[in-house]
Amino acid sequence: MTNSIDEFEDASVFMVIGSNTTSNHPLISSRIINAVRQRGAKLILCDPRCIDLAPLSSIHIRHKIGSDVALINGFMNIILNKNLEDKTFIEERTENFEKMAEVVEKYTPDYVSGITGVEPELLVKAAELYASTKRSMIVYAMGITQHIAGTDNVKSCANLAMLTGNIGTPSSGVNPLRGQNNVQGACDMGGLPNVYSGYQPAADLFVRNKFEKLWGVDKLPEKKGLTVIEMGHEIEKGNIKALYIMGENPFISDPDAKHMHRALKKLELLIVQDIFPTPTSEFAHVILPAACFAERDGTYTNTERRVQLSHQALPPLKGTLPDWKIICEISKRAGFPMDYNDPSEIMDEINITTPSYAGITYERLEQGWGIPWPCPSKEHPGTKFLHKDKFTRGRGLFHVIEYIPPAELPDAEYPFTLTTGRIRPHFHTGTMTRRTAILDREAPSPFLDINPEDAKSLRVRTGDKIIVESRRGSLKLSVNVTSDVPKGVVFSTFHFKEKNINELTLCAVDPVAGIPEYKNCAVSIRRS
Amino acid sequence: MKRLKKENLAPFLEEMNNKRTVYCPQSVDEKDIILAPLGKGKITDEACKTSISFKSMLFPQKEEINNFSKDGVEKILDTGKTAVFGVRACDFRSMEFVDAFMARNEMKDPFYFAKRNNILVMTLACNCPVSETCFCTDTGKAPFLEKGFDLQFFDAGSFYIVESQSREGDKVLESDYFTGSDSKDGETLSKIKDNSMKAEMQAPGFAKAVEWLKGNEPEPEFWDDLATACIACGGCSFVCPTCTCSNIFDSPSNGGFMRFRTWDTCMYEGFSRETSGHNPRGSLGSRLARRYLHKIKDDPENYGVSGCVGCGRCSDACPVGLGMIEIIKQINRI
């Protein structure tokens, strides 16, 4: 997030796009709910589905799945035609504006309406509302990123914010909501194929030299690593023979589960490190049982970049170790001794290697409620919102982005669009929440949301069984008839191992980030 | 009536701890006051609101109730002697409500009463509201108790004035830490009580709403509108000192299995879902209606006691401003 969570309190307009906030980030949603209900802030909701925030929205845009770039280009077209852009901000803080504007010219309300299926008048209203204040916030989540145009979608959000000068000041910015309590921290620490901690590029010789010196090793690889999806392909080709998975359940969470099944079976060595057995660990040759959050010390970096300290509350179960200790033991046996007495010593090393974490020490974290990075020195208070006065790269770059359609559009054979997501009681593949009696009772079984009109033509009612089929696989599911999904769209979740919806999804990925298009694939439905 | 110097509170509780496990409010950091066994933090000697009431001592968030092994079924009754200090009048009244609920239909809940029959409750009256969401006087009750308690402490500055109303209470007052009362203590006590009744606190108009609800009910749209704010976290139920809904589940244990009881909440969709899948409380609005109406409309009718004691915890906990105070205000606006 460029903003901090508290800044939601003072925002005037929220544009929530591709985030089912109440289901997935309920406490952040409560900030939006209170802002709208208690002080009259406005909500522009861009979501094909009627999510819990819908009744609170001033404008609800139910655009076609995967048409986000066209939608946002359309907003920018309207803003430019009505002279609602922030000329000073564009002039002083950005570059490449003209080239972007040139492309956006094509995206007139009528043209965009043709792609998105949204009435031109509604587009105009939404664009005007977003541009009407200097306290407009964009809030997004996986509905923006899980597309083959995921990177384009993110850049489009940035374009829109820069165009109206809605970034770099309090309560205005671009706010991706992170889906796990420490996914921000994992990325910050270089849990990505192309960077070291603090997003220092592995391709940069200077960076590599720095880490070689600090770690006392020769020749760190300059080649970019693989993304999860690429790993699956490389295993199938026989180029990867061993895989070490920590705290992830790709057999359920990755697209095209049959493909993942083949890949996991082909491995000569699979190591799975987790707190519970998972469907993925059933393929494992070695299972390393890890201690859970309450059984270890450590830090978590949340969605607002705040690094927070967490203390051990219970001794680890017999036979388990905190993840960091497991990694150290493996490393020692592999010939590179890592000797840390406790996590604070790891943080000491992070302070040296990672400029944005340089001033975040355990000593300081003990004193308060966490520090948001960047925090370049021990005297620095941390950073509430990003891009004040200057962007990381200097001037903010307007990207020129054209709309591309999703990888697999519905056709005569597979006439429905399947989109997937999460529901409130469960987290991801349910390896934790489905072990909790009340949470599992709340949502005990998989389902497929379907629009009443589609249900009528298929002659099915809520509770009836249907076969939903894609080019990759088929599943038998109960239907839930609801106008929460538009006609032609069906929704399901990836929480249920007994009916893994990812047997249907496809491996098409965003070319930059490698993220799969979970939000869109074509399926057919027939009565069971 | 006796006196206890405040400096003697901790030694007195320590002395009692030899016979019973003593719980009291303790501050563990600058922000939180928790109810915990002695020794967790600094004892709070003034009236305060713990984030969870002492209901959790009698009806814990999670408890083992049955052990199923090859030797048979064991009913697990926790009969350990406990005591709790610093219970406010509102929380004490909530226990009276839970007592009635747990003994309804002449069927006493054995797990609850095993603990209930072995607890000594020492209440501490509030001289003034302890938080911005206190509203006991608005519910028609006082910030102190008139009857039913073992021991009631009143804060008189450097010492407490302590009243006993039971033999158990009298026995406790035999401890050397208590001293005889002054002739003026009766007068001081009246003054404290008068002032506490006059102290300004939240006044959403509880009686007015309760009266109106006797012949009326808000339209479903009223609740549906509130439901657009509710995120169904269930926090209101978990902090409520009179909420008693529970769930039961089994977990493998030593070759057999253990049956657990945990808190549950009627705010969850699955709570009222029937086996067929039909849900008589299918919408969030209807669940909000159920939760709030049963506290202030049905409970008084069924148990003769209000289901709300005015502690204000639901208003403290709710992230979207839908605690009892706000609901009462909204009802009074209809």
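The values are calculated or read from the model by the stated rules, or taken from the named source; none is laboratory data. Note that the structure is a prediction, hence the values are computed from the model and not measured. Cβ atoms come from the backbone with ideal geometry, glycine included; neighbour counts cover every protein chain shown.
Evaluating B:TRP212 against the criteria (1) hydrophobic (A, V, I, L, M, F, W, C); (2) in the same structural domain as B:ILE328 (by TED's automatic domain parsing); (3) more than 20 Å from B:GLU326 (Cβ to Cβ) leaves one unmet condition, (3).
If we keep just the residues of the stretch A:1-28 that are assigned to a loop (DSSP other than H, G, I, E, B) and among the hydroxyl-bearing types (Ser, Thr, Tyr), which is nearest to the other protein chains (Cβ to nearest Cβ)? That would be A:SER19. Among the residues of the stretch B:250-293, those identified as within 12 Å of chain A (Cβ to nearest Cβ) and basic (Lys, Arg) are B:ARG259, B:ARG261, B:ARG273. For the stretch A:279-295, which positions are within 27 Å of A:GLN367 (Cα to Cα) and in contact with a strand residue (DSSP E or B) (Cβ under 8 Å, 6 or more places away or on another chain)? Within the stretch A:279-295, A:ALA291, A:PHE293 meet the criteria.
Beta carbons closer than 8 Å, at least 6 apart along the sequence or on distinct chains, never pair a first residue in the stretch B:312-326 that is more than 13 Å from every other protein chain (Cβ to nearest Cβ) and surrounded by fewer than 19 Cβ atoms within 10 Å (Cβ to Cβ) with a second that is of a type in the set (Phe, Trp, Tyr) and part of a helix (DSSP H, G or I).
Of all the criteria given as (1) in the same structural domain as A:CYS46 (by TED's automatic domain parsing); (2) more than 20 Å from the chain's Cα centre (by Cα); (3) not acidic (Asp, Glu), the one not satisfied by A:PHE211 is (1).
Tally up the residues in the stretch B:108-136 that are of a type in the set (Phe, Trp, Tyr) and within 13 Å of B:GLN202 (Cβ to Cβ), please. Step through it out loud before you land on a result.
Within the stretch B:108-136, the first condition is being of a type in the set (Phe, Trp, Tyr), and the residues that meet it are B:111-113, B:135.
If we keep only those that are within 13 Å of B:GLN202 (Cβ to Cβ) as well, we get B:135.
Qualifying residue count, the stretch B:108-136: 1.
Considering the conditions (1) within 25 Å of A:TRP373 (Cα to Cα); (2) of a type outside the set (Val, Ile, Thr); (3) buried (at least 18 other Cβ atoms within 10 Å of the Cβ); (4) more than 17 Å from the chain's Cα centre (by Cα), A:PHE206 is excluded by exactly one of them, (3).
Considering only the stretch A:398-405, I want to know if a residue exists there that is at positive phi, away from every other protein chain (no Cβ under 14 Å), in contact (Cβ under 8 Å) with a residue 40 or more places away in the chain and surrounded by 18 or more Cβ atoms within 10 Å (Cβ to Cβ). Give the derivation first.
Here is the first cut: in the stretch A:398-405, the ones at positive phi are none.
Within the stretch A:398-405 (the criterion being at positive phi, away from every other protein chain (no Cβ under 14 Å), in contact (Cβ under 8 Å) with a residue 40 or more places away in the chain and surrounded by 18 or more Cβ atoms within 10 Å (Cβ to Cβ)), the answer is no, since none of the residues qualifies.
Would you call A:LEU448 surrounded by 17 or more Cβ atoms within 10 Å (Cβ to Cβ), in contact with a Pro (Cβ under 8 Å, 6 or more places away or on another chain) and either part of a strand (DSSP E or B) or touching a residue at least 12 places away in the same chain (Cβ under 8 Å) (or both)?
On the way: surrounded by 17 or more Cβ atoms within 10 Å (Cβ to Cβ): yes; in contact with a Pro (Cβ under 8 Å, 6 or more places away or on another chain): no; either part of a strand (DSSP E or B) or touching a residue at least 12 places away in the same chain (Cβ under 8 Å) (or both): yes.
So A:LEU448 fails the test.
Taken together, A:ILE144, A:ILE167, A:ILE138, A:ILE148 contain a single residue that is part of a loop (DSSP other than H, G, I, E, B), closer than 22 Å to A:SER67 by Cβ and at pLDDT 95 or above, which is A:ILE148. The test for being touching a residue at least 24 places away in the same chain (Cβ under 8 Å) and either within 23 Å of A:GLN308 (Cβ to Cβ) or not charged (D, E, K, R) (or both) holds for A:VAL272. The set of residues in the stretch B:202-236 that are part of a helix (DSSP H, G or I), among the small types (Gly, Ala, Ser) and more than 14 Å from every other protein chain (Cβ to nearest Cβ) comprises B:ALA207, B:ALA209, B:GLY215.
Take the stretch A:1-24 and flag every residue that is of a type in the set (A, V, I, L, M) and farther than 21 Å from A:LEU71 by Cβ. Steps first, answer last, please.
Pass one, the stretch A:1-24, residues of a type in the set (A, V, I, L, M): A:1, A:5, A:11, A:13, A:15-17.
If the condition is that a residue be of a type in the set (A, V, I, L, M) and farther than 21 Å from A:LEU71 by Cβ, then A:MET1, A:ILE5 are the ones that fit.
From the list A:LEU317, A:LEU288, A:LEU270, A:LEU309, which residue is on the phi < 0 side of the Ramachandran plot, surrounded by fewer than 17 Cβ atoms within 10 Å (Cβ to Cβ) and either small (Gly, Ala, Ser) or not assigned by TED's automatic domain parsing to the domain that holds A:SER474 (or both)? Answer to the check: A:LEU317. Of all the residues in the stretch A:29-49, those that are surrounded by fewer than 21 Cβ atoms within 10 Å (Cβ to Cβ) and within 12 Å of chain B (Cβ to nearest Cβ) number 5.
Is it the case, given these coordinates, that A:THR433 is surrounded by 20 or more Cβ atoms within 10 Å (Cβ to Cβ) and under 30 Å from A:PRO250 (Cα atoms)? Walk me through how you get there before you give the answer.
Working: surrounded by 20 or more Cβ atoms within 10 Å (Cβ to Cβ): no; under 30 Å from A:PRO250 (Cα atoms): yes.
No; evaluated as a whole, the condition is false for this residue.
Taken across the stretch A:132-147, residues that are surrounded by 18 or more Cβ atoms within 10 Å (Cβ to Cβ), among the hydroxyl-bearing types (Ser, Thr, Tyr) and within 30 Å of A:ALA407 (Cα to Cα) do occur, with at least one present.
Taking every residue in the stretch A:282-310 that is within 20 Å of A:PRO322 (Cα to Cα) and pairing it with any residue that is aromatic (Phe, Trp, Tyr) and crowded, with 21+ Cβ neighbours inside 10 Å, at least 6 positions away or on another chain, the pairs with Cβ-Cβ distances below 7 Å are A:VAL307/A:TRP373. Applying the condition of being of a type in the set (Gly, Ala, Ser) and in contact with a helix residue (DSSP H, G or I) (Cβ under 9 Å, 6 or more places away or on another chain) to the stretch B:48-66 and asking which residue is farthest from B:PHE97 (Cα to Cα) yields B:SER51. All of A:ILE72, A:ILE65 fail the test of being crowded, with 21+ Cβ neighbours inside 10 Å, within 20 Å of A:SER172 (Cβ to Cβ) and touching a residue at least 12 places away in the same chain (Cβ under 8 Å), apart from A:ILE72. Can you say whether A:HIS495 is closer than 30 Å to A:GLU85 by Cβ and modelled with pLDDT of 95 or more, as far as the supplied structure shows? Taking the combined requirement at face value, the residue does not satisfy it.
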